[in-house]
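Okay, so here's the structure we're looking at.
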């Protein structure tokens, strides 16, 4: 396929998913209106927070499905939309946990309901808590309805059970990842402390999380529900063999981890014009990444460790952190690690149990990861 | 049936539900262990928080089911357990929203994880936020798995779809109720303010919530998922006629509202030795009830309005509030309202579409509500 065809396929899939989500939100909004205008407004906010995404997880479902010969695009779009709604639920609750009121440059659910309250004269702490409370409710609604989108797919019997099992696995695993992320934040102590504190006892393991712990957390929190299980769901829906489902799962797990590492690298070293997000954000919020886990403990790191997690971090300080991450070899290490996982992903893809169409479909995904590390 | 038989039936149902929940938690714990000990520990905490309840909602499912001739008690117990898990999810998240760290005299999920963190030397605000973060995750797990318990019931086809629809309705409606409760808390302004504030604009309606608004909120937040839909689920599972399902729903809605009003009355006027909870709690947290909604705006109320929601409320002040609630006629009003809803519930029950066994089963429920108001 040439680029023009690829884009056409991608756009068709995207539209299919948009239709499913639009129908779901339209129904829910109609039901909500019967229970009062403020509840209907919450559903509108939830829909707005779901819109504008790249529909990454639905694309994974549909790509696997079509590459394995599936033709019921509407069913695939429903399964994809279920993963999208799970994604919405997880980020809305993740934002509450991270006390974030902004996402992708706009206010998120918490931010919107906080702003309505402050405009009405409610003091900030109460307004923030109100925003977070409504976001908990909104996330619950998205979470609970993810299953229902699979029920609406028209798929029945053992196939539906297997899709439910995969969605269940996605949620079950990401909850573990979220728990470990919360624990790591605590173990890293107060913002700015780069080494272990008394908090270490809270989770049983001492000190800042290691590279392996971060990798495992990122796998659990993101890779499984964003790559591994959506790909497997597409394969299951296409009635692929267990061996093919397993191979796609291995591909998804590894490419998902590679993606996360690249994302963490871009969050610190990326070109802002390219990534669309500031390279100060991750450092200011003290995001726990492979990059930092590698640097912690190196002698050079001591100089900048105290800056990580400082909301007032300056551009000059960030530049110095980047220099140190080069000196410690952490950047090089993370890049090599991303390449390594991307290569493992590719190995899973060349397994003869997968047809050539699958390799064709996902080669650009692997290439894009490899292309983003030096 | 005599009392002895009633107790035996009740105990048998209880045990059946316990078995289903124990199997579910055992499976989940086993799965969680593979993802790490701290995740398994979270599941243990969730199980502990689910244990010890009265299994009220499962009892509703099973009572309706058996009274309508159902005999597959294991299936009914699974459906009941699904509602129990939904209940757990809702209270765990409700506690986060209310910033409560205690429930039924012990620490809840938030409280447990807060305490682990403070013991490890984490400062209180961070420890509290950590507790609440883990509780958000725990509630998500309970919520997401409620559906799965229906899938495990062995029920299939259209029947399963209808049970899913009822569980969906339960969650959909209770989310609206929770939203309105959050909004009412805001409209009531800061703790202690008994009249409207600038916050009124935040939800469009001015002033403290009215009696009708409180009734609607309590119906949405509690009555539908605790009474109406569990009873209907039991009836659907027993293959009852649509008319019988509707009559049981009407019964459930009305008895559920009556129950809430009685609960609110007991929270202020109850005998502590009888209810097991302090009659200061509801007043100290400023719980929005029909009782208070009726009193707001009466001239006598001005004297005590400022005390509501004060965490330092004394026994003497609470006594004075009770006296005023008698003087304003609010207690009498709430009691009459509870009786009225209980009578409406009974009217639904005498509908000839319901067999005599249903009346026999639920007469004690109506009697217990009527017996608890003067």
Only residues that are surrounded by 24 or more Cβ atoms within 10 Å (Cβ to Cβ) and within 14 Å of chain A (Cβ to nearest Cβ): list them for region B:44-83, please. B:46, B:82, B:83
Residue B:345 being in contact (Cβ under 8 Å) with a residue 40 or more places away in the chain and surrounded by fewer than 16 Cβ atoms within 10 Å (Cβ to Cβ): no
Of the conditions (1) more than 25 Å from residue B:184 (Cβ to Cβ); (2) at pLDDT below 95, residue A:107 satisfies every one except a single condition; which number is it? (1)
Per the list (1) touching a residue at least 40 places away in the same chain (Cβ under 8 Å); (2) not in a helix (DSSP H, G or I), residue check on residue A:287 breaks on (1)
Would you be able to say whether some residue in region B:290-297 is touching a helix residue (DSSP H, G or I) at 6+ places or on another chain (Cβ under 9 Å) and either farther than 15 Å from residue B:260 by Cβ or not in a helix (DSSP H, G or I) (or both)? yes
Which one is farthest from the other protein chains (Cβ to nearest Cβ), of the residues in region B:203-261 that are at pLDDT 95 or above and part of a loop (DSSP other than H, G, I, E, B)? B:241
Near pairs, Cβ below 7 angstrom, 6+ apart or cross-chain, from region A:84-107 (more than 9 Å from every other protein chain (Cβ to nearest Cβ)) to any residue that is surrounded by 24 or more Cβ atoms within 10 Å (Cβ to Cβ) and modelled with pLDDT under 90: none
Tally the residues that are more than 11 Å from chain A (Cβ to nearest Cβ) and over 18 Å from the mean Cα position of the chain (by Cα), restricting the search to region B:108-124. 4
Taking residue B:141 as the residue in question, decide whether it is at pLDDT 95 or above and over 25 Å from residue B:282 (Cβ atoms). yes
Scanning region A:111-121 residue by residue, those surrounded by fewer than 24 Cβ atoms within 10 Å (Cβ to Cβ) and touching a helix residue (DSSP H, G or I) at 6+ places or on another chain (Cβ under 6 Å) turn out to be A:112, A:116, A:118, A:120, A:121
Assess whether residue B:169 counts as being at pLDDT 90 or above and within 8 Å of chain A (Cβ to nearest Cβ). no
The one condition in (1) outside any helix (DSSP H, G or I); (2) at the interface with chain B (Cβ under 8 Å from one of its Cβ atoms); (3) in contact (Cβ under 8 Å) with a residue 40 or more places away in the chain that residue A:153 fails to fulfil: (2)
Take residue A:148 and tell me if it is facing chain B (nearest Cβ under 9 Å), at pLDDT below 95 and on the phi < 0 side of the Ramachandran plot. yes
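The values are calculated or read from the model by the stated rules, or taken from the named source; none is laboratory data. Source: prediction; values computed, not measured. Neighbour counts are summed over all protein chains in view; Cβ atoms, including those assigned to glycine, are modelled from backbone coordinates with ideal geometry.
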